[in-house]
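Just below is one structure, and these are the notes that go with it.
The values are calculated or read from the model by the stated rules, or taken from the named source; none is laboratory data. If you're wondering where the values come from, they're calculated on a predicted model, not measured in any experiment. Here the Cβ is made from the backbone with ideal geometry for all residues, glycine too, and neighbour counts use every protein chain on show. In case anyone asks, the SASA skips ligands and DNA or RNA and just uses the protein heavy atoms, side chains included. Shrake-Rupley method; radii C 1.70, N 1.55, O 1.52, S 1.80 Å.
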Amino acid sequence: MVRNRFGTALLGALALVAMPALTAAPAAAQSTMKLASATINDVQHEWQKVFADELASRVGEKVKVEIYPASQLGPIPRMSEGVLLGTIEAFTTPTSFMTNVDPRFQAFDVPGLFKTPEDVDAAIHDPEYRDHMETMFLDKGLRVIGAIYNSPTVVFTMNPAPTLEDMKGLKIRTFASPMQVKPMELIGAIPLPLALSEVVPQLQSGGLDGLLVGMPILTAFKFYDVGKNVTDLRFAEIVSVTVVNEDWFQSQPEDVQEAIREAGRAAEEKVFPWGVENVQRTYKVWEDNGGTIYQLPQEEQAKLQKEFSELAETLVSEDAAVEEEYDRLKALVADKSGK
């Protein structure tokens, strides 16, 4: 009888101990979102920081955003693979570096399509087009959650190249897009697609003579300590996107998915003026550090634009999907600019 009373009391005590564990609501699991890029202290990096703040304001600690700029998660090809495989949740990059994933990314790189930052902003943030852009690469397992104006294209060279004749025969690093490679071939340069992390050693060893790039990258990575010469071709405006692995995106609760969409678009709006001003700042930073910026002679610039535009029309016609996307963007730019 004593043993039974003791046993009953013991079971009761155990039940009281266990009760909090049975009744407590399970804690919401925190999801980690790694944001990778090859650059630092530029508009891509700025978008990532603003996006992280915007997302936190909407979902609190449900998502932990980790930012990895300056190729901390590997060179561009590895980061591209990582977001496709899901080992990296999101990757911010110029569209040129995603053309191997889907050739339709080429449509954003066509020389002469965008002539000003405002052209880029108006087109990619047209409400209907922005919805289309977000989902156009889902068949590759990627969703666009950010789209921003980056910068105009310039050419950095170790030796002065104030004219196109000076660029003939030079080994120039390009983005991995035909829209970057073919124009360099047209002017007689030798294009070499390379990840940004490989460029400086190649310049120092003589494996490269220069690179096609945006001015903010040159100043952020202090290329003025490597060489002093920039030729301002401005034949295309660089567009950057942030793509997220769609499987990871779909694994998030619906409120988090919506918050990611909202945070991406809010960051785009906030960062656009910062990006435009940053491009202007970088020209001054370059010159303040002893760099020289060459403008092509007016006639040569006009000839270059005409030849690049003709080349672009030929290139886009080689792929029906690219041509369709380009025609859509071209019409949108014309409509937004009133031309």
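For the range 107-118, give me the residue count where each residue is part of a helix (DSSP H, G or I) and closer than 11 Å to ALA236 by Cβ.
2
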Seminar exercise, completed: Filter the range 191-238 for residues that are buried (at least 20 other Cβ atoms within 10 Å of the Cβ) and among the charged types (D, E, K, R); the one that is nearest to the chain's Cα centre (by Cα) is GLU237
For this session: Take ASP42 and decide whether it is at pLDDT 50 or above, surrounded by 19 or more Cβ atoms within 10 Å (Cβ to Cβ), under 30 Å from ALA195 (Cα atoms) and acidic (Asp, Glu).
Result: yes
Exercise. Open to solvent by 10 Å² or more (accessible area, probe 1.4 Å) and touching a strand residue (DSSP E or B) at 6+ places or on another chain (Cβ under 7 Å), is that true of VAL256?
Worked result: no
Exercise. Only one of these conditions is not met by GLY290: (1) without any contact (Cβ under 8 Å) to a residue 24 or more places away in the chain; (2) under 30 Å from VAL226 (Cβ atoms); (3) more than 24 Å from the chain's Cα centre (by Cα). Which number is it?
Worked result: (1)
Problem set entry | Qualifying residues in the range 299-320 (those that are among the polar types (S, T, N, Q) and under 30 Å from PHE221 (Cα atoms)) - the one most open to solvent (accessible area, probe 1.4 Å) | GLN305
Exercise. If you go through the range 83-97 one residue at a time, do you hit one that is over 21 Å from GLU246 (Cα atoms) and touching a residue at least 60 places away in the same chain (Cβ under 8 Å)?
Worked result: no
Exercise. For the subset of the range 115-156 comprising residues that are over 22 Å from ARG281 (Cβ atoms) and hydroxyl-bearing (Ser, Thr, Tyr), which member is least open to solvent (accessible area, probe 1.4 Å)?
Worked result: TYR129
Problem set entry | Exclusive hit being open to solvent by 20 Å² or more (accessible area, probe 1.4 Å) and closer than 22 Å to PHE105 by Cβ, set ARG328, ARG281 | ARG328
Problem set entry | In the range 157-176, the residues that are assigned to a strand (DSSP E or B) and open to solvent by less than 30 Å² (accessible area, probe 1.4 Å) | THR157, ILE172, ARG173, THR174
Exercise. Looking only at residues in the range 44-70 that are part of a loop (DSSP other than H, G, I, E, B) and touching a residue at least 24 places away in the same chain (Cβ under 8 Å), which one is nearest to PHE249 (Cα to Cα)?
Worked result: LYS62
Problem set entry | Pick from the range 177-190, criterion without any contact (Cβ under 8 Å) to a residue 40 or more places away in the chain and open to solvent by 20 Å² or more (accessible area, probe 1.4 Å), ranking: nearest to the chain's Cα centre (by Cα) | VAL181
Problem set entry | Selected residue [at pLDDT 90 or above and open to solvent by 20 Å² or more (accessible area, probe 1.4 Å)] from SER71, SER96 | SER71
Exercise. Which pairs do you get when a residue that is among the basic types (Lys, Arg), found in the range 269-280, comes within reach of a residue that is open to solvent by 20 Å² or more (accessible area, probe 1.4 Å), reach meaning Cβ atoms under 6 angstrom, with the pair 6+ apart or on two chains?
Worked result: LYS270/VAL50
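Given the options ARG104, ARG78, name the one that is open to solvent by 10 Å² or more (accessible area, probe 1.4 Å), assigned to a helix (DSSP H, G or I) and touching a helix residue (DSSP H, G or I) at 6+ places or on another chain (Cβ under 7 Å).
That would be ARG104, the only listed residue that is open to solvent by 10 Å² or more (accessible area, probe 1.4 Å), assigned to a helix (DSSP H, G or I) and touching a helix residue (DSSP H, G or I) at 6+ places or on another chain (Cβ under 7 Å).
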For this session: Name the one entry in ALA267, ALA263 that is in contact with a Lys or Arg (Cβ under 8 Å, 6 or more places away or on another chain), open to solvent by less than 10 Å² (accessible area, probe 1.4 Å) and farther than 24 Å from GLU300 by Cα.
Result: ALA263
